[in-house]
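Take a look at the structure below.
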Amino acid sequence: MASPSLTLNNGKNMPMFGLGTWLADPGVVGESVKNALENGYKHIDCASCYMNEPEIGVVFANYFKTNPREDIFITSKLWVKDFTKVNEACKKTLKDLQLEYLDLYLIHLPFELEATLKSGIPLETGVGLIGYAAQRIQEVWKEMEKLVDEGLVKSIGISNFTIKKTEELLNSSPRIVPACNQVELHPFLPQNHLIDYSKSKGITLVAYTPLGNPGRPWKSSTEPSLLNNPVIKTVADKHKVTAGQVLMAWGLDRGYGVLVKTVNKGRLSENLASRDVKLDAEDMAVINAIENRFRYVPQEWALKVGEEIEALWDGEYL
């Protein structure tokens with residue numbers, strides 16, 4: 001099956017289905033990306049803070065010796081410690097990935113950290129956290145626009161932005177409207193208002209954690225499981241597919257991009273086959289009627305002292 005794609009607001013095409021590389025360990029991630037490319041994946045999602053871009057870059061360099069670069073859509077992200085050096089950070093990512101350009105470059109999160117912070121995220125609440133400021137994001141966005149002017153990236157976007165934060169950026173009348181907003185999206189966090197808002201602004205959504213990311217190091221034994229949800233399992237049994245394939249097909253049917261992470265070769269093919277799963281109106285209705293609400297990646301590290309999680313997400317936490 002041909003890889004379905006979405007047309008971004010600048011006319012560029014983005015494959016809807018992609019491989020995420022978050023939490024993919026060094027020594028493993030390269031082989032995973034290699035297998036994904038050989039199995040027909042056309043969209044690879046990276047980020048500097050994942051600490052594995054150099055290994056992925058070796059794979060890209062080898063793959064593009066015999067395959068056209070323009071056939072693969074590659075995303076990376078500006079980490080929140082690098083707001084003061086956007087151009088430098090992007091060029092480092094390009095060097096690490098051994099690429100001349102990125103198809104999409106995102107502001108990873110709207111919460112700034114001090115550039116001198118030693119660890120990737122604060123180890124103590126509020127330490128090294130500058131946080132969110134609309135004007136600061138607007139300044140960073142102007143630097144992101146320059147990356148397009150220089151030909152370093154084809155498209156720019158945002159990630160983990162709420163409606164309020166997106167609106168504050170758009171109200172500054174940016175020269176380039178964000179092409180994409182990458183956010184957590186699944187039946188326990190359907191983000192219906194964000195989907196409608198983004199469509200009205202011409203911003204394409206891409207879903208991460210569509211399966212609930214059961215491999216997260218901080219997974220709780222008491223949290224709800226998407227893959228074991230009885231509604232999802234019933235739909236999977238009906239179509240003789242896996243629960244994971246149903247979750248991916250649900251996202252694709254809703255019209256946004258879906259990123260799934262795996263280092264298992266068999267799962268790479270299984271995940272890709274979700275493009276062939278055709279959910280009917282009844283399937284979509286019963287999944288949409290799921291009432292469980294849960295956010296698997298709350299970004300609690302960005303909380304200021306005394307701040308509630310709902311405030312962090314502008315009331316859009318669940």
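The values are calculated or read from the model by the stated rules, or taken from the named source; none is laboratory data. From a predicted model like this one, the values you see are computed outputs, not experimental measurements. FYI the Cβ positions are ideal-geometry reconstructions off the backbone, even for glycines, and counts take in every protein chain you see.
Kindly check whether there is at least one residue in segment 299-308 that is under 22 Å from the mean Cα position of the chain (by Cα) and assigned to a loop (DSSP other than H, G, I, E, B). Yes, the conditions are met somewhere in segment 299-308.
When you look at Gly57, is it surrounded by fewer than 21 Cβ atoms within 10 Å (Cβ to Cβ) and on the phi > 0 side of the Ramachandran plot, yes or no? Spell out the reasoning first.
Numbers: surrounded by fewer than 21 Cβ atoms within 10 Å (Cβ to Cβ): yes; on the phi > 0 side of the Ramachandran plot: no.
For Gly57, the condition - surrounded by fewer than 21 Cβ atoms within 10 Å (Cβ to Cβ) and on the phi > 0 side of the Ramachandran plot - is not met.
Selection of segment 245-265 for residues being more than 26 Å from Lys199 (Cα to Cα) and either of a type in the set (Gly, Ala, Ser) or free of Cβ contacts under 8 Å to residues at least 60 places away in the same chain (or both) yields only Asn264.
Residues considered: Leu19, Leu37, Leu94, Leu23. Of these, the only one that is at positive phi and either outside any helix (DSSP H, G or I) or modelled with pLDDT of 95 or more (or both) is Leu23. Here Asp276 meets each of (1) surrounded by fewer than 15 Cβ atoms within 10 Å (Cβ to Cβ); (2) more than 16 Å from Leu247 (Cβ to Cβ) with one exception, condition (2). Filtering segment 166-180 to residues that are under 17 Å from the mean Cα position of the chain (by Cα) and either of a type outside the set (S, T, N, Q) or over 18 Å from Glu112 (Cβ atoms) (or both) leaves Pro178, Ala179, Cys180. Filtering segment 265-298 to residues that are among the charged types (D, E, K, R) and in a helix (DSSP H, G or I) leaves Lys265, Arg267, Glu270, Arg275, Asp276, Glu282, Asp283. Just for segment 69-99: of the residues that are surrounded by fewer than 23 Cβ atoms within 10 Å (Cβ to Cβ) and among the polar types (S, T, N, Q), which one is farthest from Pro122 (Cα to Cα)? Among those that are surrounded by fewer than 23 Cβ atoms within 10 Å (Cβ to Cβ) and among the polar types (S, T, N, Q), it is Gln98.
Those residues that are touching a residue at least 24 places away in the same chain (Cβ under 8 Å), over 21 Å from the mean Cα position of the chain (by Cα), buried (at least 16 other Cβ atoms within 10 Å of the Cβ) and not in a loop (DSSP other than H, G, I, E, B), I need them from segment 100-137; list them, please. Scanning segment 100-137 gives a single hit, Leu129.
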